[in-house]
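Since the structure comes first, as structure tokens, the remarks are kept for the end.
The values are calculated or read from the model by the stated rules, or taken from the named source; none is laboratory data. Quantities reported herein were computed from a predicted structural model and do not represent experimental measurements. Cβ: placed from backbone, ideal geometry, glycine included. Neighbour counts: every protein chain shown. Just so you know, the surface numbers come from the protein's heavy atoms only, side chains and all, with ligands and any DNA or RNA stripped out. Shrake-Rupley method; radii C 1.70, N 1.55, O 1.52, S 1.80 Å.
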Amino acid sequence: MNLPILSILIFLPLIGVFFLVFTKGTEEFIIKTSFKVSLITSVLTFLISIFLWINFDNSISSFQFVHEKKWIKDFINYKVGIDGISLVFILLTTLIVPICIISTINSVKFRIKEFLMSLLLIETLMLGVFCSLDLFIFFLFFEAGLIPMFIIIGIWGGEKRVYSAFKFFLYTLFGSVFMLIAIIFIFYEYGTLDVTKLLILDIDKNYQNYLWLGFFASFAVKTPMWPFHTWLPDAHVEAPTSGSVILAAILLKMAGYGFIRFSIGLFPHASIYFAPLIFTLSIIAIIYTSLIALMQQDMKKLIAYSSVAHMGFVTLGIFVFNGNGLAGSIFQMISHGIVSAALFLCVGVVYDRMHSRKILDYGGVVNKMPRFSTLFLIFILASIGLPGTSGFIGEFLILLGVFKNNYFVALIAALGVVLSACYGLWLYKRVIFGKIVNSRINELVDLNKKELLVLTFLVLLSLILGVYPNIILDTVSVSTNNIIYIFNEKTNIKMTFND
Amino acid sequence: MSYILVFAPLFGFVITILFGKLLGDRLSQILTSSLVLISSLISFYFFYGFVFNNYQPFNHLIFNWVTSEELVLNWSIYIDQLTSIMLVIINFISLLVHIYSIEYMNHDNSKPRFMAYLSLFTFAMIMLVSADNFLQLFFGWEGVGLASYLLIGFWYNKDSANKAAIKAFIVNRVGDFGLAIGIFLIYKYFGSLNYNDVFENINSISNYKINILNINGNLLSFITFFLFIGAMGKSAQIFLHTWLPDAMEGPTPVSALIHAATMVTAGIFLVVRCSPLFENSAMILNIITIVGASTAFYAATVALVQNDIKRVIAYSTCSQLGYMFVATGLGAYHIAIFHLFTHAFFKALLFLGAGSVIHSLSDEQDMRKMGGLWKKIPFTYIFMIIGTLAITGFPFLSGYYSKDAIIEATYYSQNKYAGYAIFTCVITAILTSVYSWRLIIKTFHGSFQNSNLNFNNIKDSGLFIFVPLFILALGALFSGVIFREIFVGQNYIDYWKNSIYFSKTYILEHPPTWFIILTPMLTTLTIPLSIYFFLKNKKIINELKIRHEPLYKFLLNKWYFDEFYNFLLVNPIKKIGNFFWQIGDVFLIDGFGPNGFAKITRYISDQAVKFQSGYLYHYAFVMLIFLSIFLTIILI
């Protein structure tokens, strides 16, 4: 089979975009066709990724489905390929995008065609990030992803959209510059940007720390880690529902993926050197943002801050350098992708009806929307890591991994689990329970079929992953073990040199 | 068959929660109740097998749950002697509560939801006791917490109920935090979380020393300490008990099932299940004894002055759980389970009896608004008397055997703190008797105090309430005498076999006669005294209240635990949260970060704008200067 299937996967959404560009006619016709076109392309992409998953051999550690093309001679190669880790993120991306498109119908009121084009463009770019095996290609996809997101916030956002969009852009651009410098340096020093070659290579210990910091600048902003996180709440609050969904579910995962693939893979010594820094920032993120989340009065902000705390767990798990922590981090990212997407959709559901995100405007919603309340509860529980939901497995494995490494950090991080229960349940109580507080609540109608379908699907996904997490763990285990193995090899060899 | 036992309640939950409206009230009630009936029949079958047919423990693998590196965990059904007795308690009490709820909730609008939650709870509890590894136990542990949260907050229009529900969940999470840390420690040093792997390898690490946060200690002490924190949270021991009295906001059947008979005993179960670990850590056993005895005493003092009928019983539950922990602390695990077993009957009886009272009085729970009810609700009265006699340890009722077994165990224990335990246990037994009789007298005797209700219209409850009460009364009367020989008799090891680890064979001779009859005598004596003080001559009590008002207030306000926690934790946490948000994020990070950056940029660009004045000579001047600078650099 010589089909460049990964390239087809990556560029299929782009083909959808081209179709949309040439869609013309009456407004109604444009809206209808653009929905059809984008839905069909995204579902097709999803099917291809399922096909990939079926044909993926999860017993070998090397990259699969590799496809390579010369682009600029001796400088940039277009090279893509995946291992188990990439695969699960690809699945997450292709799964979330159709859901976003469906939810767009309610949350976006104008320039729908352009909005859908942005969504499909993001999908292409994200898939590119998770597939690319060339640092420069990776950088292009990684940074280009900013632009459509910037546009989504800036055009379809709320009142303060311009401020938020620029804050988002400023922050992320700031990080990128350093990563670009690091990449250029690697090319000049080692003459290649091919990731497979670089992973085997032992990068000089003297350079590692600087290069690591260059990558870190970009990843830390995008994760986001404390104290580079303040763009996230603003971006979420202003973005339309489907924008928030894609931001929380997929865009935040690029950095975690980057940490795993590049920071640990290319710069193992620097990773060990900087691990205390990561630990510190992560536990601050977990405790600090959980406490802030507790005091939020805006639902979206609350969920955004809780995302920062959850990503704190992810970075912790990555930098303990053992299989439990790494697998836990990946699982946590997938789970957070599903659960936070669902939570933003839930907020979107009530926002479409009430046009308010203020918690104070709500109360007693369960009386009018029992189905919604049930589903919302399950997502809250998944978010606070109740066993049986996907949220638990990730946090559990991460803490297990951290505990092997450092008691203090693990104890503090585990406190975050208590805090998450506080803000999660308190949010739920204030919005859902109690007596009906005002007449607008009285007029609420329960979920329509489309909303019910989407949310139920996500609930099932979260429960299935919670009860049978091996769907994901089996797919990634060989790859994570391989990463840990290479990591240990590299760091041990260096140590013997020093002795 | 074990699959049916475990999954019947889950099936009932799923069907009723999804299709409750479609099924209608009656059908959902029948469905859930009969599924739990099936489960309880099967658990009786297993229990019978373990007692008479010498069954061997068995372990059914359902499927693999988590695999990561050397961690391999399964969903499984592990049933041994200990589990089988827990299963009997859980399923049988759950069945009675299901039936009872059919009548108790007859005015409620969402009966299917209520029945579904009860079944969900039953399922989670079964998962908890039939786990073969710590993680499945944790799943059940948090699962019952969830069911408890849902049921306490069942009447979601009541703000107090919602608050109580959150409080229950979060205080339990604090306990779960401890349990989780214990589990992580076990994994780190044993490399596995399966009971078998852990318990078999204890000897290899029993002398292992570790250091956590600069505290040196024995590894097993650390592990058992953290596990015990989990147990304290779930079993509402002192410091982590505050959620249990508040949990009484939930419907009464819930209090009987979850907050008396089953869920709160999960902590005891955990300690007993991990007896191989605990037996190797004398220090922690001492702590357990002290905590248990203190809780027993503390809760009994508070119960003396409460006015809400359910809160009195709730504190009494706390107190009895304290007794059970005393027993485990002394290594008398079988006696702890025996008390757990008898307690399930008489405490469920008391709660459901109180529920029957409340039901008859249109949801009135304040004992100050009751009185003289025995004429109107004679059956409930009789059942409550039986329950009270049982809990106070009146001779030959169930509580007598189990509680006195604990007190006797304290007498013979080598434990350093046994003296403290003896003293508090005896005192608490007397206090228990006093507050229990106070409850009976205030509720059923004297004159009717409620002006909102017409005394003549009060009716006793119907058949669905009567039957469970009757069965529980039989249990409260006879469960002690029947099962004493099996659980704690001469040949107790014949039943328990290896399901509990006893480091020493238990002393079988009895303490001196005066000690044996001391407690029953004292508690029996309190009956006439209580009648005198609470019924015949109330002046003395009132006088005491006024004279010792600070003490009275101290007890009435439950030793000010809630106020203390609010002051120490809740309010500061909110303040810190706000501080981080307003000062940390908005002022510092945004102020010096992006906003500051934007300000500086704007300032510079404002300055730069001044250059672009539009006058030709300005541009010419600038060009000239830069040209000269450029030339200088090149020439040099």
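For region A:150-193 versus region B:402-454, the spacing of their alpha-carbon centroids is 69 Å. What number comes out for the charge environment of A:I292, summing +1 per Lys or Arg and -1 per Asp or Glu over other residues with Cβ under 13 Å away? Net charge in that neighbourhood comes out at 0.
Using θ = phi - 60° and the Karplus curve 6.51 cos²θ - 1.76 cosθ + 1.60, what whole-Hz ³J(HN,Hα) does each residue of region A:213-230 get, with Gly and Pro shown as x? So the J values, rounded to whole Hz, are 5, x, 5, 4, 3, 6, 5, 4, 5, 7, 4, x, 9, 5, x, 9, 9, 5.
Net charge near A:E451: determine it from the other residues with C-beta under 13 Å of the C-beta of A:E451, scoring Lys and Arg +1 and Asp and Glu -1.
+2
Give the Debye-formula value of log10 I(q)/I(0) at each listed q (0.22 Å⁻¹), with one equal scatterer per alpha carbon of region A:200-244, two decimals each. Treating every Cα as an identical point scatterer, log10 I(q)/I(0) equals -0.78.
Legend: residues in region A:385-431 shielded by at least 40 square angstrom of accessible surface upon adding the remaining protein chains to the isolated chain (1.4 Å probe, heavy atoms) are A:L386, A:P387, A:F392, A:F396, A:L400, A:F403, A:K404, A:Y407, A:L411, A:V418, A:L425, A:K429.
A straight line joining the Cα centroids of region A:230-248 and region A:458-475 runs 26 Å. Computed over the alpha-carbon pairs of region B:138-186, the distance histogram in 10 Å steps reads 28, 45, 20, 7, 0 percent, short to long.
Compute for region A:269-346: radius of gyration divided by Kirkwood radius, i.e. Rg/Rh, restricted to C-alpha atoms, rounded to two decimals.
Numbers: Rg = 13.6 Å, Rh = 13.1 Å.
Across region A:269-346, the Cα-based Rg/Rh ratio is 1.04.
Our compactness index for region A:146-228, the C-alpha radius of gyration over the empirical 2.2 N^0.38 Å, is 1.38.
Within 11 Å, Cβ to Cβ, of B:M367, how many net charges do the neighbouring residues add up to if Lys/Arg are +1 and Asp/Glu are -1? Numbers along the way, then the final one.
Values: positive: B:K310, B:R311, B:R368, B:K369, B:R438, B:K442; negative: B:D308, B:E364, B:D366.
Cβ neighbours under 11 Å give a net charge of +3.
Based on the Kirkwood approach, the hydrodynamic radius assigned to region B:1-154 is 15.9 Å, with every pair of different Cα atoms included.
Compute the whole-percent fraction of alpha carbon pairs in region B:94-247 spaced more than 27 Å apart. Before the final figure, lay out the partial values.
Details: 4131 of 11781 pairs.
Pairs farther apart than 27 Å: 35 percent.
Note: relative contact order over chain B, using C-alpha pairs below 8 Å and six or more positions apart, is 12 percent. Note on the protein assembly as shown: helix-only mean residue ellipticity at 222 nm, from DSSP H runs of 4+ residues weighted -39500 (n - 2.57) and normalised by residue number, equals -24000 deg cm²/dmol.
Put simply, region B:488-575 fits an ellipsoid with semi-axes of 41, 31, 10 Å; these come from the alpha carbon gyration tensor as the roots of five times its eigenvalues, largest first.
Solvent-accessible area of chain A (1.4 angstrom probe, protein heavy atoms only): carbon and sulfur portion equals 68 percent. Find, to one decimal place in angstroms, the Kirkwood hydrodynamic radius of region A:82-188, where the mean of 1/r is taken over every pair of different Cα atoms and then inverted. One over the average 1/r among Cα pairs gives 15.2 Å for region A:82-188. In chain B, the longest principal axis of the Cα atoms and the axis of helix B:282-303 are about 70 degrees apart. Relative to the longest principal axis of the Cα atoms of chain B, the long axis of helix B:616-635 lies at roughly 90 degrees. Take the Cα coordinates of region A:1-152, assign each an equal point scatterer, and use the Debye formula without solvent to give log10 I(q)/I(0) at q = 0.08, 0.12 Å⁻¹. Log10 I(q)/I(0), no solvent term: -0.24, -0.52.
Just by accessible area at a 1.4 angstrom probe, what is the order of B:I440, A:I40 from largest to smallest? Present the calculation step by step, with values, prior to reporting the outcome.
On the way: B:I440 0, A:I40 100 Å².
From most accessible down to least: A:I40, B:I440.
Surface composition of region B:470-521: carbon and sulfur make up 65 percent of the accessible area, probe 1.4 Å. The equivalent ellipsoid of region A:190-299 has semi-axes of 31, 17, 9 Å, largest first, where each one is the square root of 5 times an eigenvalue of the Cα gyration tensor. Legend: translational diffusion of region B:189-307 by Stokes-Einstein, Rh = Kirkwood radius over C-alpha pairs, 20 °C, 1.002 mPa s; D = 134 µm²/s. Given region A:360-472 reduced to its alpha-carbon atoms as identical point scatterers, what log10 I(q)/I(0) does the Debye formula return at q = 0.09, 0.14, 0.17, 0.23 Å⁻¹? Results for region A:360-472 at q = 0.09, 0.14, 0.17, 0.23 Å⁻¹ read -0.32, -0.68, -0.88, -1.20. In chain B, the longest principal axis of the Cα atoms and the axis of helix B:513-531 are about 80 degrees apart.
Let me check against my output: what whole-number percent is the relative contact order of region B:337-400, with C-alpha pairs under 8 Å and at least 6 apart? Contact order relative to length: 41 percent.
For region B:305-361, give the percent of accessible area contributed by carbon and sulfur heavy atoms, probe 1.4 Å, rounded to a whole number.
Numbers: 140 of 300 Å².
For region B:305-361, the apolar C and S fraction of the accessible surface comes to 46 percent.
Taking every alpha-carbon pair within chain A, the share separated by more than 45 Å comes to 9 percent. For region B:306-374, the C-alpha radius of gyration sits at 1.36 times the compact-globule guess of 2.2 N^0.38 Å, with N the residue count.
Residues of region B:195-231 that lose at least 50 Å² of accessible area (1.4 Å probe, protein heavy atoms only) when the other protein chains are present, relative to their chain alone, are B:L213.
A 1.4 Å probe, protein heavy atoms only, puts the accessible area of B:K163 near 120 Å².
Taking the inverse of the average 1/r across all pairs of different Cα atoms in region B:47-105, what Kirkwood radius in Å do you get? If you can, show how the numbers build up before the last one.
On the way: mean 1/r = 0.0709 Å⁻¹.
Result for region B:47-105, one decimal place: 14.1 Å.
Using heavy atoms of the protein chains and a probe of 1.4 Å, the accessible area assigned to A:T456 is about 50 Å².
With an 8 Å cut-off on Cα pairs and a minimum separation of 6 or more residues, tell me the relative contact order of chain A in percent. Could the numbers behind the result be given before it?
Numbers: 794 pairs, mean separation 75.8, N = 499.
15 percent.
Each residue of region A:427-444 is assigned a 3J(HN,Hα), and the resulting list reads 4, 4, 4, 5, 7, 8, 7, x, 7, 5, 8, 8, 5, 5, 4, 4, 8, 5 Hz, derived from the Karplus form 6.51 cos²θ - 1.76 cosθ + 1.60 (θ = phi - 60°), x at Gly and Pro. The ellipsoid equivalent to the alpha-carbon distribution of the protein assembly as shown has semi-axes of 59, 33, 28 angstrom, derived from the gyration tensor eigenvalues as √(5λ) and listed largest first.
Computed 3J(HN,Hα) for region B:196-208, one whole-Hz value per residue from the Karplus formula 6.51 cos²θ - 1.76 cosθ + 1.60 where θ = phi - 60°, is 4, 4, 6, 5, 6, 9, 4, 4, 5, 10, 5, 9, 5, glycine and proline marked x. Projected onto its three principal axes, the C-alpha set of chain B covers 115, 66, 58 Å, listed from the longest axis down.
Given a Förster radius of 22 Å and the C-beta distance between B:R547 and B:W374 as r, what FRET efficiency does 1/(1 + (r/R0)^6) yield to the nearest 0.05? Before the final figure, lay out the partial values.
Working: r = 31 Å, r/R0 = 1.43.
Once rounded, the FRET efficiency stands at 0.10.
At a threshold of 20 Å², the residues of region B:47-80 that become less accessible to a 1.4 Å probe in the full protein assembly than in their chain on its own are B:F63, B:N64, B:W65, B:V66, B:T67, B:S68, B:E69, B:L71, B:W75.
Which value, in square angstrom to the nearest 100, describes the accessible area buried between chains A and B on both sides, using a 1.4 angstrom probe?
On the way: alone 19560 and 28470 Å², together 42820 Å².
Summed over both sides, the interface buries about 5200 Å².
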